[in-house]
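To start, the structure itself, in structure tokens.
Just so it is clear, none of the values below were taken in a lab; they were calculated from the coordinates. If you're wondering where the values come from, they're calculated on a predicted model, not measured in any experiment. Positions of Cβ are generated from backbone atoms using ideal geometry, with glycine treated the same way; all protein chains shown enter the neighbour counts.
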Amino acid sequence: MKKTQASLELAGKTLTLEMGELARLATSSVLARLGDTMVLATVVMGQERDDIDYFPLTVEYVERLYAGGRIKGSRWVKREGRPSDDAILSGRLIDRSIRPLFPKSFKREVQVVVTILSVDNVNDPDTLSIVATSAALHMSPIPWGGPVGAVRVAVVKEKGNGNTEFIINPEISETQLSDLDLVVTQTKDKTLMIEAGANQVSEDKALEAIEKAQAENVKIIEFIENLAKEAGIKKEAAPEDPRLAELTSKLEKSYKEDIEALIKIRVDKESGKDLSTDALIDRIYQDEKLSDPENAPDKKKTSKALETVLYKIIKSNTLKGKRVDGRGMDEVRPISSKVSVLPRTHGSAIFQRGDTQVLTVATLGSPRMEQLIESAEGEEAKSYIHHYSFPPYSVGETGRMGVPSRREIGHGALAERALEPVIPIQESFPYTIRVVSEVLSSNGSTSMASTCGSTLALMDAGVPIKSPVSGVAMGMMSDGDKYQILTDILGLEDFAGDMDFKVAGTKEGVTAIQLDVKIPGLTLAQIKEILEKAKVAREGIMDTMLSVIPTVRQGVSEYAPKIELIHIPVEKIGEVIGPGGRMIKSIIAQTGATVDVEDDGTVTVSGTNEESVRMASEWIAGLVREVKAGEVFEGEVKRILPFGAFVEILPGKEGMVHVSQMASEFVKNPNDVVAIGDKVKVKVIEIDEQSRINLSMKFGQEGSGAGGGDRPEKGNEKEVPALQQPKSAHPLAMQFQRERREKEESMRRANPRRTPYKKNNY
């Protein structure tokens, strides 16, 4: 292909697509640019796979740190490792956007690799990657029903009038102010994929955003179509399998009753569906082998034909108003919930809807436990994390366990997005929150069950969420213009149906949407109907959930860490840490609490009990408190030296009482007046140039400054008669003595045999 470049003005920005220069050995490649964000999408068509019964499409989203001018922060490993969760989620966006438009009979391997080459921290590369992939597929000979367009839509409230503004492909800074973050992939008249997070927006507002996206996506699609016309690339035809079509028709006529019985068995998961399915496949295979030994289909083709007929029967019955489990179209399966099911966790809940059962556990930790995410755009810290686990036993099967699959990461991210708008900010609830959903049994919409279970677990943990969140999965069966919308789909209805439309939210509005389709998309009218029915179902599920735990528990679990946030002036950080970290280590050692100091002056104190947290917090508050002359404290004598005593007036903060300030009469030896551990009342008489605190135990005129004191206020100790003050009490003399003693001690340590200076009296 010769080098081609074209540009499109899209929402006030320039979208540029370039073909024919990079990655020439790939089947097709497109370099896309929006602002200074650039991605390279390559498509390669491989060999025919007759050994599988599905379309072998793989999508890889390669995120390089050099794209943002960054080097990996690890000291030893500088190469990028396995894809980040964000990269996996972006790859899933691309996959879900293009997969529905491939022919069902197409079995050649197709691999899409999107490499992020440059990011400008203004334009997101994910939607640009979908557009680049769409262009690369449309400019290739691979049979595909595109092109598609994809945009991100933000909704921002206008200041003053309260109206909302829809922003197409917003800058990253604008999405942070938006109540809706919506990514939509569409054809000219239908919607293929939706991924959205929202701050409790209304269904009408979400639908309006989808409609706004349609107008922009039409421009992208026409732009790609014009490029393809110039290139003149011809598409290959997807080969049909006449033997499969013949076998499917035969099964539909000869084994319909057996397949209908199998549907009933599959609905009841406890009846051993796998054995029944395998037994029927073996019987059909043997019958076909006996009837026509030379042309008998293999078991894989027999299984594929059986599934085709089974799904066709389910769809036909549903369109007639009969669901596989006998429910009404808008009926939700029976729901049951429990909270506080685990004795030592911070919060736990079991949410069950029909056969789908999820155990969710909430764990609270200190802010230092937050997750640090490194990407080309920079580093990001997450204090709320949701993980989702889907073990093979949840569907009654054996299988590999270990690294989470892309599906598990995607479902966990959906549940996380659904609850994120209601999670309290760390300033009001200073915890890192990790929620884990363990799928114990799966028969449809485990991600929405995880969302409901997470709400219950967080409420059980005492997390003051703004509003409870519930979710439901909607399905659809269609045949041409005829269709049925299904509420709370079973796994079997998901496999046989045309879409999986998940909606989560509070009673105030939507917090998350995810749409996947198997047909060429949904109309806006269908989306509106789905959102309306999902709202009714969500509210019903919410009422059932709140009957178990109506409000958030007061206080966190006794097993959860106790945390307190303290904000100190940045210039005081050094005083809390101390030389060589000695002060902060002392606080930790003596109180048993954990102390973390951030560069902005935020100090997090955490511990297993409230007393240790209180002690450490008071210590830190005392260290950074500004002590002023004239203040009176009751402190503890910590050290005694020949010239005076050091008294701790606040936790971690000491001042010195010179012998001349210990009593009205002359004091020769401080040990005659005080002992270590004594509680004494002292007054601050001076803060010297080096921020050292000088104290006095005399309350009267003789305690003022260096030579006397202000008369105590009413209610203080009785005034002590003033006496002649020794000359040594003069501040300059005291400072000189201290400096000399420090110098002597330093020299003595450096040379123990050296004769010390003779002490002079002043």
Neighbourhood net charge (14 Å Cβ-Cβ; Lys/Arg +1, Asp/Glu -1) for SER348
+2
Using only Cα atoms, find the angle between the long axis of helix 273-291 and the longest principal axis of the chain, and express it within 0 to 90 degrees, rounded to the nearest 10.
30 degrees
Semi-axes (Å, rounded, descending) of the ellipsoid equivalent to the chain per its C-alpha gyration tensor are 71, 31, 24
Please go through the residue pairs LYS78/LYS502; LYS219/LYS322; LYS219/LYS528 and name each one whose alpha carbons sit more than 32 Å apart in this structure.
LYS78/LYS502; LYS219/LYS322
Debye intensity ratio in log₁₀ form over the Cα atoms of segment 243-319, taken at each q of 0.16, 0.17 Å⁻¹:
-0.56, -0.62
First obtain the Kirkwood hydrodynamic radius of segment 86-160 from its Cα pairs, then insert it into the Stokes-Einstein equation at 20 °C and 1.002 mPa s, and state the resulting D in µm² per second as a whole number.
152 µm²/s
Just the ratio, please: alpha-carbon radius of gyration of segment 561-625 over 2.2 N^0.38 Å, N its number of residues.
0.98
Simple SL model, points at 7 angstrom along Cα→Cβ for SER664 and LEU372; separation in nm is 6.2 nm
Ranking request for peptides 256-267, 116-127: highest mean number of other beta-carbon atoms within 10 Å first, then the rest in descending order.
116-127, 256-267
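Based on the alpha-carbon gyration tensor of segment 410-541, what equivalent-ellipsoid semi-axes (square roots of 5 times the eigenvalues) come out, in whole Å, largest first?
With the √(5λ) rule applied to segment 410-541, the semi-axes are 30, 15, 11 Å.
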Note the full-extension length gain between ILE71 and GLU158 as 0.36 nm times their separation in residues minus their Cα-Cα distance, in nm to one decimal.
27.4 nm
Could you let me know the centre-to-centre spacing of segment 355-399 and segment 74-147, using Cα atoms, in angstrom?
24 Å
So, with points 7 Å from each Cα along the Cβ direction, the GLU571-ARG406 label distance in nm works out to 5.5 nm
For segment 488-630, what is the convex hull (Cα atoms) projected area averaged across all directions, in square nanometres?
16.3 nm²
Using the beta-carbon distance between ALA629 and ALA215 and R0 = 56 Å, what value does 1/(1 + (r/R0)^6) give for FRET efficiency, to the nearest 0.05?
0.20
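When you count, for each residue, the other Cβ atoms within 10 Å and take the mean per peptide, how do 380-387, 400-407, 27-34 rank with the highest first?
Ranking the peptides 380-387, 400-407, 27-34 by packing returns 27-34, 380-387, 400-407.
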Only sites in a loop by DSSP and with at most 15 other Cβ atoms within 10 Å count here; which trypsin sites (Lys or Arg not before Pro) in segment 322-368 make the cut?
LYS322, ARG344
Pair-distance profile P(r), taking every C-alpha pair of segment 1-52, with 10 angstrom steps and integer %:
23, 41, 22, 11, 4
Just how far, in whole angstrom, is segment 425-459 from segment 6-21 if you go by their alpha carbon centroids?
41 Å
Prolate/oblate/rounded call for segment 331-382, Cα gyration tensor, a/c under 1.5 rounded:
oblate
Could you work out how much longer the chain between TYR393 and GLU618 gets when fully extended? Use 0.36 nm per residue separation minus the Cα distance between them, nm to one decimal.
75.9 nm
Computed over the Cα atoms of segment 360-442, the Rg and Dmax in Å are 14.6, 45
Angle check, please: helix 203-231 long axis (alpha carbons) against the longest principal axis of the chain (alpha carbons), in degrees 0 to 90, nearest 10.
60 degrees
Taking just the alpha-carbon atoms of segment 1-154, what radius of gyration and Dmax come out, in angstrom?
16.0, 49
Taking loop as defined by DSSP and a crowding limit of 13 other beta carbons within 10 Å, which GluC sites (Glu not before Pro) in segment 19-64 fit?
GLU21
Of SER118, PHE106, LEU137, whose Cα points farthest to the positive end of the dipole of segment 99-176 (charges on the beta-carbon: +1 Lys, Arg; -1 Asp, Glu; origin at the Cα centre)?
PHE106
Cα→Cβ-extended label distance, 7 Å offset, between ARG24 and THR602, nm:
5.3 nm
Does anyone have the angle between helix 406-419 and the longest principal axis of the chain? Alpha-carbon axes, 0 to 90°, nearest 10?
60 degrees
Counting every C-alpha pair in segment 173-276, the percent lying more than 15 Å apart is 79 percent
